[in-house]
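What follows is one structure encoded as structure tokens, with my remarks underneath.
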Amino acid sequence: MLSFLNIKKDYRLGAQTVQALGDVNGEIQSGEMVALCGPSGSGKSTLLNILGMLDMNYQGNVFIDGTPFPRKVSEATALRRSSLGFVFQRFNLIPVMSAIENVAYPLMLNKFSAKMQKEKAEKMLVNVGLKDFFHYRPEQLSGGQQQRVAIARALVHQPRLVIADEPTASLDSHSANNVIHIMKTLGHEMGTTFVIATHDSRMASQCDRCINLIDGLISSEDIQWNA
Ligand code: ADP
Ligand code: MG
């Protein structure tokens, strides 16, 4: 479903060059939930940003269902809108919008009718356990509730791929477990492919498998989780 070949990425910091990804290769099957694991600074976010078409400045190739990622920004934006969903550590909801407006947003961008936007957004919010919170704004919700809104938003347009960067890192353990459970059950129900960067061993253990990154390279060694 998703394959990436010979991905290399350097960051320039003034005269310095920081190699964030050495030469990474991998393949992710349709419907798989894959954890991208590794210590801080190992390149997880860098790789996720590339797989999510948020960063188009890298070496190597990524293929989605056999088709190379577009190199033109306008084409990448269109494909990202229709086929990808995102969950971030800090939720990244739009503060002036209610929960239902946040969830409907990808449907609006994809030009669904107002009626369909409402129906689908309501259904997704019910699915993440927020049926009584349609009209709450992000600041009126707990972290765990905000992340559930973000998951509803990431899945509402039935994307082929959801990219999640440390989705549980800002949550207490109860909310984190809840978010993990929801991502797993909804993801499997909808057949969505997930790539999830995490240094949360509970999150990783719920995934189908781990890709381990160390110093910008994929490692076959098991990750040593800190308790
Ligand atoms: P992780 O998500 O695993 O913590 P990152 O992908 O954020 O790792 O970072 C990988 C490496 O690239 C680190 O050495 C980090 O300092 C560096 N890096 C990340 N983003 C930037 C940036 N915008 N400018 C310069 N260096 C960066
Ligand atoms: Mg990161």
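The values are calculated or read from the model by the stated rules, or taken from the named source; none is laboratory data. Please read all numbers here as calculations on a predicted model, not as lab measurements. Ideal geometry is used to build each Cβ from the backbone, glycine not excepted, and the neighbour counts take in all protein chains shown. Remember, those area values only see protein heavy atoms, side chains included, never the ligands or the DNA or RNA. Shrake-Rupley method; radii C 1.70, N 1.55, O 1.52, S 1.80 Å.
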| task | Answer yes if at least one residue in the range 107-122 is surrounded by 18 or more Cβ atoms within 10 Å (Cβ to Cβ), away from ligand 1 (no atom under 16 Å from the Cβ) and assigned to a strand (DSSP E or B), and no otherwise. | result | no
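Determine which member of the set MET183, MET203 is surrounded by 19 or more Cβ atoms within 10 Å (Cβ to Cβ), at pLDDT below 95 and away from ligand 2 (no atom under 15 Å from the Cβ). Before the answer, list the steps.
On the way: MET203 fails: away from ligand 2 (no atom under 15 Å from the Cβ).
Result of the check over MET183, MET203: MET183.
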| Applying the selection to the range 157-177, what residues are more than 13 Å from ligand 2 (Cβ to nearest atom), touching a residue at least 40 places away in the same chain (Cβ under 8 Å) and open to solvent by 40 Å² or more (accessible area, probe 1.4 Å)? | ARG160
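Output the residues belonging to the range 182-198 that are over 19 Å from ILE50 (Cβ atoms) and in contact (Cβ under 8 Å) with a residue 12 or more places away in the chain.
Taking the range 182-198 first, the residues over 19 Å from ILE50 (Cβ atoms) are 182-192.
Result: ILE182, MET183, LYS184, LEU186, GLY187, HIS188, MET190, GLY191, THR192.
Restricting to the range 160-214, count the residues that are part of a loop (DSSP other than H, G, I, E, B) and either away from ligand 1 (no atom under 15 Å from the Cβ) or on the phi > 0 side of the Ramachandran plot (or both). Spell out how you get there, then give the answer.
Step one: filter the range 160-214 for residues part of a loop (DSSP other than H, G, I, E, B), giving 160, 166-172, 191-192, 199-200, 207-208.
Remaining after also requiring either away from ligand 1 (no atom under 15 Å from the Cβ) or on the phi > 0 side of the Ramachandran plot (or both): 160, 166, 171-172, 191-192, 207-208.
Of the residues in the range 160-214, 8 are part of a loop (DSSP other than H, G, I, E, B) and either away from ligand 1 (no atom under 15 Å from the Cβ) or on the phi > 0 side of the Ramachandran plot (or both).
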| said: If I ask for residues that are surrounded by fewer than 21 Cβ atoms within 10 Å (Cβ to Cβ) and of a type in the set (Lys, Arg), which ones from the range 6-46 would you list? | reply: LYS8, ARG12
| If you check PHE63 against the conditions, is it modelled with pLDDT of 95 or more, over 25 Å from LEU186 (Cβ atoms) and not β-branched (Val, Ile, Thr)? | yes
